[in-house]
Amino acid sequence: MKARIPAGTSVRALFALIGVCVAAFSPFLALLLRDRGFDASQIGLVFSAMAATWMVANPVWGHVADMWIGRVPALGIAALGAATMGLVFFLPERSMLVALPVVILMAGFHGAVVPIGDAIALDHLGTENVHDYGLIRLWSSLGFAVAAIAFGALSEVARIGLMPLIYAAAMATLAAWSATMTREMPARVPTGGRFGSVGAAFRASSRLAPLLVGMLLWGIGFAAAWTFLPLRIVGRGGGPLLVGIAAAVGAFIEVPVMRKSKWFTRRFSLRGVYVLGCAIYASVFVAWAFIESPVVIAVLNVFEGVGFALLYMSGVMVVGKLVPKHLRATGQSVMQMVGQGLGPVLGASIGGVVYGRFGPRALFIGAAASTLLSAMVVWFTLAMPAFSERHD
């Protein structure tokens, strides 16, 4: 018998599997590319190409999920496609001309998983319980943390080249799990204008565009710092296990922070939570710029995890309030398009040049400045009672 999507166990397991899939992808990709002979500028190019793919593909996935086939089927198709491309990427190709198209195709499927999963979570909660989103999202952080340590340890005793195969297995498991979930009917609501459901989302809220500008600035800083953090750790004497631990400690701390999502919105309001997350993030980036010990750099990811939890969960909840219910997958996809698409295109490409020419200190200080500017833009954009008043 198929599990009903409102059942908490089904949604929590879905998010835990998403965390495992991301853990097999993002923390170790830079090391995998370096192992295949790519330098810092080429690694930056790969990450920029992936982000550009997300920028184009995510809105399409959002429209498909909201208007055509439904969110659960779209999630399953995306996960299965990512698993297939992970198997192809397992081949130890050292040519950029061959590796880059494979990564682009893989990113096109991979980028749909998180925003569609967020839309499924918001559907499960309902509008009145949107502030409980952190109670679901924490399972993704927990799955990511445990998997990152396990995959890092495996890479120490085996080889980093196994990661694409592990990623493919994780995505195939996610696709299989999505097949057990109840499939909701797509809205099929006429959008009444250009650009399908994406255009409808922007017409539904005049504040969505300036909000995305602020999130773009965060995405630039985040991508510039996160892309080259593994190289910073390894360059100071660390290894893949320490890279995995660095990713895990941040994800572990996300769990209690997201569990207290209602406490934070009561105390600071939604826009206050976002600005607090930016301030913490910027502080961590500055610390990464000056600290030399790879162990201390890894441990500081505890605070990076706090900042990410506050920024991500407040962003999902804000967008969930700004767009209509039938456009939730589109709204989350557009947010990911900017924060994890256009932002990383600029952050990873510029970061690769800055890291190669001026070193890590200039890179992390620039990332901190971009994050603080994001806080300013979002603070003024969300100056309305729904976001600036403390939630009771």
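Rounded, prolate or oblate: which fits region 320-387 when a ≥ b ≥ c are the square roots of the eigenvalues of the alpha-carbon gyration tensor, with rounded for a/c under 1.5 and prolate only if a/b beats b/c?
Values: a/c = 5.52, a/b = 1.84, b/c = 3.00.
Cα axes put region 320-387 in the oblate bin.
Counting Lys and Arg as +1 and Asp and Glu as -1, what is the net charge of the other residues whose Cβ lies under 14 Å from the Cβ of Ala368? Before the final figure, lay out each step's value.
Numbers: positive: Arg361; negative: Glu304.
That sum, taken over residues with Cβ under 14 Å, equals 0.
Counting other beta carbons within 10 Å of each Cβ, put Ser178, Ser95 in order, fewest first.
Ser95, Ser178
What is the fewest-to-most order of Ile69, Ile120, Ile77 by other Cβ atoms lying within 10 Å of their Cβ? Write down the numbers at each step before the final one.
Working: Ile69 15, Ile120 27, Ile77 19.
Listing Ile69, Ile120, Ile77 from fewest to most nearby Cβ atoms yields Ile69, Ile77, Ile120.
Once phi is turned into θ = phi - 60°, what whole-Hz ³J(HN,Hα) does the Karplus curve with 6.51, -1.76 and 1.60 give for every residue of region 74-88, x standing for Gly and Pro?
Values, residue by residue: 4, 4, x, 5, 5, 5, 5, x, 5, 4, 4, 6, x, 5, 5 Hz.
Would you mind counting up the charge near Ala309? Only other residues with Cβ under 10 Å from its Cβ, with Lys and Arg at +1 and Asp and Glu at -1. The partial results should precede the final answer.
Working: positive: Arg137, Arg259, Lys260; negative: Glu254, Glu304.
Within the 10 Å Cβ shell, the charges total +1.
Give me the log10 of I(q) over I(0) for region 235-315 at q = 0.14 Å⁻¹, as the Debye formula computes it from C-alpha points; what are the numbers?
Relative scattering, expressed as log10 I(q)/I(0), comes to -0.47.
Bin all alpha-carbon pair distances of the chain at 10 Å intervals from 0 and give each bin's fraction as a whole percent.
Per 10 Å bin, starting at zero, the Cα-Cα P(r) for the chain comes out as 5, 25, 37, 25, 7, 0 percent.
Calculate, in nm to one decimal, what Val286 and Val98 gain on full extension: separation in residues at 0.36 nm each, minus their alpha carbon distance.
Values: separation 188, 0.36 × 188 = 67.68 nm, distance 3.65 nm.
Additional length available on full extension: 64.0 nm.
Taking amide H positions as placed 1.01 Å from N in the peptide plane, with prolines and chain starts having none, which residues 5 or more places from Met181, or on another chain, fall under 5 Å of its amide H?
none
Under a Cβ-Cβ cut-off of 11 Å, what is the net charge of the residues other than Gly214 that fall near it, where Lys and Arg count +1 and Asp and Glu count -1?
Details: positive: Arg207, Arg271; negative: none.
So the surrounding residues net to +2.
Quick one: what are the phi-derived ³J(HN,Hα) couplings along region 331-344, Karplus 6.51/-1.76/1.60 with θ = phi - 60°, whole Hz, x for glycine and proline?
Here the 3J(HN,Hα) series is x, 5, 5, 5, 4, 5, 4, 7, x, 10, x, 4, x, x Hz.
If you plug each phi of region 95-108 into the Karplus form 6.51 cos²θ - 1.76 cosθ + 1.60 with θ = phi - 60°, what whole-Hz ³J(HN,Hα) values come out, in order, with x for Gly and Pro?
For region 95-108, the Karplus curve yields 8, 4, 5, 9, 5, 4, x, 5, 5, 4, 5, 4, 5, x Hz.
Could you give the distance between the Cα centres of region 9-45 and region 274-288, to the whole Å?
Cα centres, region 9-45 to region 274-288: 23 Å.
Students often forget the sequence filter, so: which aspartates and glutamates lie under 18 Å Cα-Cα from Lys321 once same-chain residues fewer than 8 apart are removed?
Asp66, Asp118, Asp123, Glu128, Asp132, Glu389, Asp392
Order these by the 10 Å Cβ neighbour count, fewest first: Ser155, Ser283, Ser206, Ser141. Each step should come with its number before you reach the end.
Working: Ser155 24, Ser283 17, Ser206 9, Ser141 29.
Final ranking by Cβ density, sparse to dense: Ser206, Ser283, Ser155, Ser141.
Before rounding to the nearest 500, sum -39500 (n - 2.57) across all DSSP H runs of length at least 4 in the chain and divide by the residue total; then give [θ] at 222 nm in deg cm²/dmol. Mind showing how you got there, number by number?
Working: 18 runs with 303 residues, N = 392.
Using -39500 (n - 2.57) per qualifying helix, the result is -26000 deg cm²/dmol.
Rule-based calculations on the coordinates, nothing more; no lab input. Just so it is clear, the structure is predicted and the values come from calculations on it, not from any experiment. So basically every Cβ, Gly included, is an ideal-geometry build from the backbone, and we count neighbours across all protein chains shown.
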